[in-house]
Every structure is written in structure tokens, then in C-alpha cells.
Amino acid sequence: QVQLVESGGGLVQAGGSLRLSCAASGSISFINAMGWYRQAPGKQRDLVARITGNGSTNYADNVKGRFIVSRDNAKNTLYLQMNSLKPDDTAVYYCNADRRNPFTVRTTTYWGQGTQVTVSS
């Protein structure tokens, strides 16, 4: 099992910045890709940014140039630096991690409980 705990959410004015953190614990060996997703009320959960074990990243088009995803493997922590925030960025942000079982070769995806980000206009 992998436990993921997000932190860093809050209320910020448009144009401001926030940094989210996601601390991983438990069976963290063989975690490969980690990512951030978000879900606004009444909408589906969408990818925000993702980073693989070797550092390759990809972003949703609507956050490119504003958000930066990074990970500190020594601290088992994933980050999301969010700049130039807009009211449309308001959502619950979730961290996830893909862990590959070395024996079965199956990948399991784990999710955190989410952290609320609210951007006021």
C-alpha cells in the first residue's frame, strides 16, 4: 500500500501563487509516474501535470507555462508550483502515484485525499 498526503492548498487571489506538496509513504519502492489531477464541482477529474521516474513531464494545455511539477525522490515528495493562478483553477487537487509490482508486473494507482485550492477574482 502507498499512502499519499497532500498539503498546501488554500485561498489565493487571482494572479497569486501556491505550492502543493504530496508526501508518499508505505510501499514506495517501484513507484514510477506521479501526478496531479484536479476536480471542480460538477466536473470530471482531469490531469494537471505528471512526472515520470526519470523526470519527464507533461502538462494540461491550460496550465502550461504557469504550473511546474517536480519531485524530490530523497524526500518521497511530489510538488506542484502554481503561478499566475486564475479563478478557473479552483478545484480539489489530488495527487496520484503508479506503483508497479515487481513480481506480478501489474501497476496499481494510488490517490491522496485531495486539497482544496480556491482562487478569488
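Data table
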| item | result |
| --- | --- |
| Residue list for the stretch 32-51, filter: in contact with a Leu (Cβ under 9 Å, 6 or more places away or on another chain), touching a residue at least 60 places away in the same chain (Cβ under 8 Å) and farther than 10 Å from TYR93 by Cβ | MET34, GLY35 |
| Residue in the stretch 81-97 that is loosely packed, with under 13 Cβ neighbours inside 10 Å and modelled with pLDDT under 95 present | no |
| Residue satisfying condition, being within 29 Å of VAL105 (Cβ to Cβ), of a type in the set (Gly, Ala, Ser) and at pLDDT 95 or above, within set GLY35, GLY53 | GLY35 |
| Those residues of the stretch 37-53 which are open to solvent by less than 50 Å² (accessible area, probe 1.4 Å) and out of contact with any helix residue (DSSP H, G or I) (no Cβ under 9 Å at 6 or more places or on another chain), in sequence order | TYR37, ARG50, ILE51, THR52, GLY53 |
| Any chance GLY65 is open to solvent by 60 Å² or more (accessible area, probe 1.4 Å) and either modelled with pLDDT of 95 or more or closer than 27 Å to SER121 by Cα (or both) | yes |
| Answer residue from the stretch 9-32, given it is surrounded by fewer than 18 Cβ atoms within 10 Å (Cβ to Cβ), over 17 Å from PRO87 (Cα atoms) and modelled with pLDDT of 95 or more and is nearest to the chain's Cα centre (by Cα) among those | SER21 |
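The values are calculated or read from the model by the stated rules, or taken from the named source; none is laboratory data. None of the values given here were measured: they were computed from a predicted structure. With ideal geometry, Cβ positions are generated from the backbone for all residues, glycine too; neighbour counts draw on all protein chains shown. Protein only, heavy atoms only, side chains kept; ligands, DNA and RNA dropped before computing areas. Shrake-Rupley method; radii C 1.70, N 1.55, O 1.52, S 1.80 Å.
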